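The values are calculated or read from the model by the stated rules, or taken from the named source; none is laboratory data. As the structure is a computational prediction, the values presented were derived from the model and not from experiment. Using ideal geometry, Cβ is built from the backbone for each residue, glycine included, and neighbour counts are taken over all protein chains shown. For accessibility, only protein heavy atoms count, side chains too; no ligands or nucleic acids. Shrake-Rupley method; radii C 1.70, N 1.55, O 1.52, S 1.80 Å.
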Amino acid sequence: MQGRISLPTLCHFLLPWAFTTFHRALGDSAPHPGPHYLLPPIHEVIHSRRGATTTLPCVLGAPPPSYKVRWSKVEPGELQETPILITNGLHARGYGPLGGRARMRRGHRLDASLVIAGVRLEDEGRYRCELINGIEDESVALTLRLEGVVFPYQPSRGRYQFNYYEAKQACEEQDGRLATYAQLYQAWTEGLDWCNAGWLLEGSVRYPVLTARAPCGGPGRPGIRSYGPRDRKRDRYDAFCFTSELSGQVFFVPGRLTLSEAHAACRRRGAVVAKVGHLYAAWKFSGLDQCDGGWLADGSVRFPITTPRPRCGGLPDPGVRSFGFPRPQQAAYGTYCYSE
């Protein structure tokens, strides 16, 4: 009979509708295939070192008719993104201090990768490549991770003197920046064991423990002990700083020098007295091993040990040993100099 729909035909039309309704009733959205222009990155973490030129990959599988690509940096501990560069595929414009060192790679017509020249400590972190075409925006996230070393730091006045902002400034004055939790965790896995709590970049206060003991939080499992979030202006702790490879070199000048004589000795050699971050970086990346205490720019006396041995610090593990902050007029030590 004309006008009548057969059962197979009716099922053909109703089954897709029934499945869609069923999925929506369960809270599942129905499949909605749409254009996906950005290819997922092969590696989401990009490793680099200070001073290097690094590429953060972002590639289009196919170009939309009209689009822009915006690169931004996700600031740690803050709900904001800092713009770096915007391009329409032909022209690009940089923003902020990083924008002056950033450019598009342009390896081919679908390449939206970001190149950062002269990588700095503050460049480490999370980045977003966002494609904007006015219909369905997409983005991929990448993490730039620097190879480096974490060192605990306190001033000559003693422990627990810094609020968050003072700790941040202290690290920068010693050729570093406040370490992130991920950097502290990595340092802990590499042997950092330290009882004093210190500020981290995210605003939390923590300390790494390899051997649980009474003066260091009591018994328990090894790990990163946490004080949780603290008042950044009122609460006071030490700092955990992070630094990376140097462009220059650190060298030792022997003698029995006061701090002022140490500065003069370095100047005569076309150098300056090394900062704490300089010494840690030279120990970590250049294998500096010197069993002699030397002045540093902050007035402390330290020495780096790569191969532990008797009468050379008394500890079984490699590291940077400290004599604390002697009187600046005490003529008893050499000095560590830094030259570019």
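Given a 1.4 Å probe and the protein chains all in place, what does the accessible area of residue 59 round to, in Å² to the nearest 10?
About 40 Å², rounded to the nearest 10.
Got the relative contact order for segment 246-339 handy, in percent, Cα pairs under 8 Å and 6 or more residues apart? Can you show the working numbers first?
On the way: 197 pairs, mean separation 40.8, N = 94.
About 43 percent, as a whole number.
Kirkwood hydrodynamic radius (Cα pairs, Å) of segment 246-339? Provide the component values of the computation, followed by the final result.
Working: mean 1/r = 0.0773 Å⁻¹.
One decimal place: 12.9 Å for the Kirkwood radius.
Count neighbours as other Cβ atoms within 10 Å of each site's Cβ, and list the trypsin sites (Lys or Arg not before Pro) in segment 268-340 that are DSSP loop with at most 10 such neighbours.
When the trypsin sites (Lys or Arg not before Pro) of segment 268-340 are filtered for loop state and at most 10 Cβ neighbours within 10 Å, 311 remain.
Just flag the chymotrypsin sites (Phe, Trp or Tyr not before Pro) in segment 134-168 sitting in loop per DSSP whose Cβ has no more than 16 other Cβ atoms within 10 Å.
On the way: sites: 153, 160, 162, 164, 165; in loops: 160.
For chymotrypsin sites (Phe, Trp or Tyr not before Pro) across segment 134-168 that sit outside H, G, I, E and B with at most 16 neighbouring Cβ atoms in 10 Å, the list reads 160.
Percent of accessible area on segment 190-266 owned by carbon and sulfur, 1.4 Å probe?
On the way: 1890 of 3720 Å².
That fraction is 51 percent.
With a Förster radius of 45 Å, plug the Cβ-Cβ distance of residue 163 and residue 66 into 1/(1 + (r/R0)^6) and report the FRET value to the nearest 0.05. Don't skip to the answer; put the middle values down first.
On the way: r = 49 Å, r/R0 = 1.09.
Once rounded, the FRET efficiency stands at 0.35.
So what's the angle, to the nearest 10 degrees on a 0 to 90 scale, between helix 164-173 and the longest Cα principal axis of the chain?
Approximately 70 degrees, to the nearest 10.
Compute the accessible area per residue over the chain, keeping the other protein chains in place, probe 1.4 Å, unit Å². All intermediate terms of the calculation are to be shown ahead of the outcome.
Values: 18680 Å² over 340 residues.
I get 55 Å² per residue for this part.
First compute the accessible area of segment 38-146 with a 1.4 Å probe, then give the percent of it belonging to carbon and sulfur atoms.
Details: 3050 of 5810 Å².
That share works out to 53 percent.
Restricting to bridges with both residues inside the chain, how much of the DSSP beta-bridge set is antiparallel, in percent to the nearest 5? If you can, show how the numbers build up before the last one.
Details: 62 of 70 bridges.
In the chain, approximately 90 percent of DSSP beta bridges are antiparallel ones.
With Cα extents along the principal axes in Å as the read-out, I listed [x] 69, 48, 38; [y] 70, 55, 40; [z] 113, 52, 39; which label goes with the value calculated from this structure?
Label of the calculated value: [z].
Given a cut-off of under 8 Å on Cα pairs at least six residues apart, what relative contact order in percent is computed for segment 38-146? Can you show the working numbers first?
On the way: 243 pairs, mean separation 39.2, N = 109.
Answer for segment 38-146 is 36 percent.
Below 8 Å, C-alpha to C-alpha, sequence gap of six or more: please give me the relative contact order for the chain in percent. Present the calculation step by step, with values, prior to reporting the outcome.
On the way: 712 pairs, mean separation 46.2, N = 340.
The value is 14 percent.
Kindly provide the trypsin sites (Lys or Arg not before Pro) of segment 133-236 that DSSP labels as loop, not H, G, I, E or B, and whose Cβ sees at most 16 other Cβ atoms within 10 Å.
Numbers: sites: 145, 157, 159, 168, 177, 206, 213, 225, 230, 232, 233, 234, 236; in loops: 157, 159, 213, 230, 232, 233, 234, 236.
Qualifying residues, ordered by number: 157, 159, 213, 232, 233, 234.
Nearest 0.05, what FRET efficiency do residue 332 and residue 49 give at R0 = 30 Å with Cβ-Cβ as r?
Numbers: r = 35 Å, r/R0 = 1.18.
The pair residue 332/residue 49 has a calculated efficiency of 0.25.
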